[in-house]
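What follows is a set of notes on a single structure, which appears directly below.
The values are calculated or read from the model by the stated rules, or taken from the named source; none is laboratory data. What you see is a predicted model, and the numbers here were worked out from it, not measured in a lab. With ideal geometry, Cβ positions are generated from the backbone for all residues, glycine too; neighbour counts draw on all protein chains shown. The accessibility values were calculated without ligands, DNA or RNA, using every heavy atom of the protein model including side chains. Shrake-Rupley method; radii C 1.70, N 1.55, O 1.52, S 1.80 Å.
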2 protein chains.
Amino acid sequence: MRTAFHDRLDKLTCQLAAMCGMVAVAMEKATRALLEADLGLAEEVIKADTEIDALRLHSEEAAYALLALQAPVAGDLRSIVTHIHVSEKVERMGDLARHVAEQARRRYPEPAIPAQTRDRFAEMGRLAVVAARQVQQLIATPGRTGYAELNEADDLIDALEQNLLASLSRQDWQHGVRAGIDVALLARFYERFADQAVSVARRLDYAATGTLPGAHG
Amino acid sequence: MRTAFHDRLDKLTCQLAAMCGMVAVAMEKATRALLEADLGLAEEVIKADTEIDALRLHSEEAAYALLALQAPVAGDLRSIVTHIHVSEKVERMGDLARHVAEQARRRYPEPAIPAQTRDRFAEMGRLAVVAARQVQQLIATPGRTGYAELNEADDLIDALEQNLLASLSRQDWQHGVRAGIDVALLARFYERFADQAVSVARRLDYAATGTLPGAHG
């Protein structure tokens, strides 16, 4: 019985890691759609998010079914609760990638961001994808901890967001209100994406060690 | 034994409802701080959020301790998992109230929003506080469902956010880029606050019925 339980838990973990991989791909494509005003790519991301949402629902239901079938012991319980929590965070990361893609679609055929902000968005996108890939690895490798590393990537993205917001507040911002708001909201999507990645790493550290690192969820 | 377990679960539930009440108060004060450029009130909210964060950590640890002490049966398990989930959402609502207060503090002694947007923020604030109070009630009354009701409040806040964003995009917006971004981000904080409230209601419905309403977490 214990083995069947662990087999099913392993399968869930594997599916969740794959879902996180889809989110990394979504963020990579969404960033390209943003940088290159690529409508087709934006629509791909938006469409794929429906699939990610469905996977999450399935993942959560399977976790509850596993709980209901067998009353697991403390460590396994923590794994399942973590699984449900992480599923939600990963889905939320997918939503944020979709938000980036929607913004690219909304402004098409114009670019959604002014040329002077392009490099910073490219870098935020790169960092976000790396973070999602790290999270995928962490999910797939129970027991590995990655909170400190993810936190560092999050700090870098935060700094880029602050830098962008500072650009918008300067007198020499020449792109008007709408572009300013687009940039501010987009920067926030990347920042929130990285926040969720940190939150997942924190959860997984907890499942591994039994101690919650830091204050934030 | 079963009774001791349920007593402890009831106590946790009661504490979580109280925490949600604190969040409702925080959003009420944050909105007043925003509308009246009240620095003292903004700082109260910011300070209280540290307490809310600590309560959440405590609440989550207590839930895990309860899981570890006793392997609960399916229905009770779902209650505890829901409890952990809801704790996080409520803390996040507190964070969003703090973001509103921080924005009021950042622009002090100037008002953080142009006069022409005041009524709409007052209404968003009112709806957000009502939503938080409803969530508090739902937490305190296990078995009651409130998803549909909360969803309606969320739609109203979404509509106000869209209305504000439309104002910013019009030619007659005369408050510049920075104020435009402030309004867009603030509107988003209210919108996210309501989203979390809906998500909590959805979770609680699930705990009550065993069926997840709608797709969103």
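Here are the numbers for the structure shown:
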item	result
Occluded residues from the stretch B:165-188, i.e. those whose accessible area drops by 50 Å² or more once the chain is not alone (1.4 Å probe)	B:177, B:181, B:185, B:188
For the protein assembly as shown, alpha-carbon Rg relative to the globular expectation (2.2 N^0.38 Å, N residues)	0.97
Solvent-accessible area per residue, Å², over the protein assembly as shown with all protein chains present [probe radius 1.4 Å]	41 Å²
Tilt relative to chain A, helix A:176-209 - C-alpha long axis, 0 to 90 degrees, to 10	20 degrees
GNM result for chain B, Cα springs below 10 Å: residue of B:69, B:150, B:204 fluctuating most strongly	B:69
P(r) of the stretch B:113-217 over all Cα-Cα pairs, binned every 10 Å from zero, in whole percent	16, 41, 25, 14, 5, 0
Value of D in µm² per second that Stokes-Einstein yields for the stretch B:92-148, Kirkwood Rh from Cα pairs, at 25 °C (0.890 mPa s)	184 µm²/s
FRET efficiency, residue A:36 to residue B:172 (Cβ-Cβ, R0 41 Å, nearest 0.05)	0.80
By accessible area with a 1.4 Å probe, ligands and nucleic acids excluded, highest first: order of A:130, B:81	A:130, B:81
Per-residue HN-Hα couplings for the stretch A:61-68 [Karplus 6.51, -1.76, 1.60; θ = phi - 60°; Hz; x = Gly/Pro]	5, 5, 5, 5, 4, 5, 4, 6
Degrees, to the nearest 10: B:74-107 long Cα axis against longest axis of chain B	20 degrees
Computed accessible area, residue B:10, all protein chains, 1.4 angstrom probe, square angstrom	100 Å²
Farthest positive-ward along the stretch A:2-209 dipole, Cα basis, beta-carbon charges - from A:162, A:64, A:140	A:64
Linear extension gain, residue A:122 paired with residue A:152, 0.36 nm per residue minus alpha-carbon span	9.0 nm
Spherically averaged projected area of the stretch B:2-209 from its Cα convex hull (nm²)	11.1 nm²
In degrees, nearest ten, helix A:2-36 long axis to first principal axis of chain A (Cα)	0 degrees
Heavy atoms of residue A:113 accessible to a 1.4 Å probe, total area in Å² rounded to 10	10 Å²
Helical contribution to [θ] at 222 nm, DSSP H n ≥ 4, -39,500 (n - 2.57), averaged over chain A, rounded to 500	-30000 deg cm²/dmol
Under 22 Å between alpha carbons - lysine pairs in the protein assembly as shown that sit 8 or more apart or on different chains	9
Span from the the stretch B:138-191 Cα centroid across to the the stretch B:57-135 one, whole angstrom	16 Å
Accessible area buried, both sides summed, chains A and B with 1.4 Å probe, Å²	3400 Å²
Those trypsin sites (Lys or Arg not before Pro) in the stretch B:1-82 that DSSP places in a loop and that have at most 11 other beta carbons within 10 Å	none
